[in-house]
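The values are calculated or read from the model by the stated rules, or taken from the named source; none is laboratory data. None of these values were measured; they are calculated from a predicted model. When we count neighbours, we look across all protein chains shown, and the Cβ atoms used for this are built from the backbone with ideal geometry, even at glycine.
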Amino acid sequence: MRRPTGGVAVAVSTFVVVAGCGRPRDTKPLLAEGGLLVSAPSATVPGGPRPGMIWIPPGTLHEGSDPDEVPRIAGAEPPGVDVPMAGFYIDALPWPNEAGAIPTTNVTRDEAARLCQEKGKRLCSELEWERACKGPSNTRYEYDAEYDPRVCGGGPGEGTALHPSGQRLPCRSAFGVRDMHAGAAEWTDSPWGRTGGRDAGVARGGNDPPGDLVTRCAYARPFAPGDRSARIGFRCCAGPRNEAEVELTVKKGVSFERPTGPPRPSPPLDALGGVACGPPEAPRPCSLARAWTWRPAPNVELAVSGGCVGLDPNARCAVAVSRATGDRVDTLAQIDTGIVIPEVVLVDNPERRIRIRGADPRGYYYRDVTFNYGRIDVRPGN
């Protein structure tokens, strides 16, 4: 990920010296004629107030989503990187930036940029958009850390239905930017800076089920710049552009395989009385009977490992699905396989589902384990 250039940093520093004060204070949105939010910045903001726009002060964006955040899309979202951002303006509402108007859609990225330019503005970068959404506290959703479908919508059946701008009063970021997730996605001027996607453009925001995934501030999606869609609108920014962009390497290895090196010990397994299974050369109380590496999605690598305590017919066996981040190991799921050594297979494509075999005195049973944007769902298999 590129950092802002030295020129941007110098410009900000020079401005502070000339103004003779510190960082411009956060602004409180005001209600103007016609119900449109306007910025109310201090006199130190470059260019003075811009009607209908919100001043986003300099600060730090926690870009993307942390590796243990759920839900997240690891192949599209940087792993929680702190990025310094210079201040800029952003429209309070989607174009045409008028309270009560239906947001404009069915425009290409170039058409959206031209409409902004005609007003003396520009399209936002995707990280400027994310900064305006997350607010000074870098919340997951613009309104809070936890998902609430009543605030901005995104529940089942809503899709990208367009509503007049400004109707959902609580749907606003802490900076006062409105309706970032109340309708269509919004063009940015950024390229899709993920491996293999430089020719695509980036849209942010929107309102699709599942809402807890799609209405996060970190959510982004690629579109061809020439696309016209009822699902894509835009809003404008103003002021010097922040040059920081997403640059994410997307890795996708073999979907399911035995570890290429020594497998790491399993996490403690509840079905085995809290025992962790270690390497075969140290068999007591549990040695690893089975281990696999599972890559259910780009930039996601999980360990599937387990074993047994005791001997037939009194053996107790189990398997864990875990993720390692540095020295930390998170247990995502545990599956009791009863009296048989765990056996695991990849079920089908997509590679988000594996099947685990267990047995009890009545016979064999199966558990399907599905990776769902960071969650692990375990259900009876066929």
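General observations
- Filter pass, Asp199 being touching an Asp or Glu at 6+ places or on another chain (Cβ under 9 Å) and at pLDDT below 95: no
- The stretch 310-340, residues that are part of a loop (DSSP other than H, G, I, E, B) and either touching a residue at least 60 places away in the same chain (Cβ under 8 Å) or not aliphatic (A, V, I, L, M) (or both): Gly310, Asp312, Pro313, Asn314, Gly326, Asp327
- The stretch 107-145 - residue that is touching a residue at least 12 places away in the same chain (Cβ under 8 Å) and among the basic types (Lys, Arg) and, of those, nearest to Leu169 (Cα to Cα): Lys134
- Hits in the stretch 103-127 (condition: part of a helix (DSSP H, G or I), among the basic types (Lys, Arg) and either surrounded by 21 or more Cβ atoms within 10 Å (Cβ to Cβ) or modelled with pLDDT under 95 (or both)): Arg109
- Number of residues in the stretch 162-177 that are touching a Gly at 6+ places or on another chain (Cβ under 6 Å) and at pLDDT 90 or above: the value is 4.
- The stretch 281-307, residues that are assigned to a loop (DSSP other than H, G, I, E, B), more than 19 Å from the chain's Cα centre (by Cα) and surrounded by fewer than 22 Cβ atoms within 10 Å (Cβ to Cβ): Glu281, Ala282, Pro283, Arg284, Pro285
- Those residues of the stretch 321-341 which are more than 13 Å from Asp368 (Cα to Cα) and surrounded by 15 or more Cβ atoms within 10 Å (Cβ to Cβ), in sequence order: Ser322, Arg323, Val329, Thr331, Leu332, Gly338, Ile339, Val340, Ile341
- Sole residue being in a loop (DSSP other than H, G, I, E, B), under 28 Å from Glu247 (Cα atoms) and touching a Lys or Arg at 6+ places or on another chain (Cβ under 6 Å), chosen from Ala145, Ala182, Ala174: Ala182
- Filter result for Ala203 (within 30 Å of Val151 (Cα to Cα) and not in a strand (DSSP E or B)): no
- In the stretch 322-340, residue modelled with the lowest pLDDT [restricted to those that are within 13 Å of Pro268 (Cα to Cα) and under 22 Å from the mean Cα position of the chain (by Cα)]: Val329
- Pair list, Cβ under 8 Å, 6 or more apart: the stretch 57-75 residue free of Cβ contacts under 8 Å to residues at least 24 places away in the same chain, other residue part of a loop (DSSP other than H, G, I, E, B) and crowded, with 16+ Cβ neighbours inside 10 Å: Asp66/Arg72
- Close contacts from the stretch 242-271, counting a first residue that is in a strand (DSSP E or B) and a second that is hydroxyl-bearing (Ser, Thr, Tyr) and crowded, with 18+ Cβ neighbours inside 10 Å, with Cβ to Cβ under 6 Å and a gap of 6+ residues or different chains, come to Glu245/Ser190; Glu257/Thr293.
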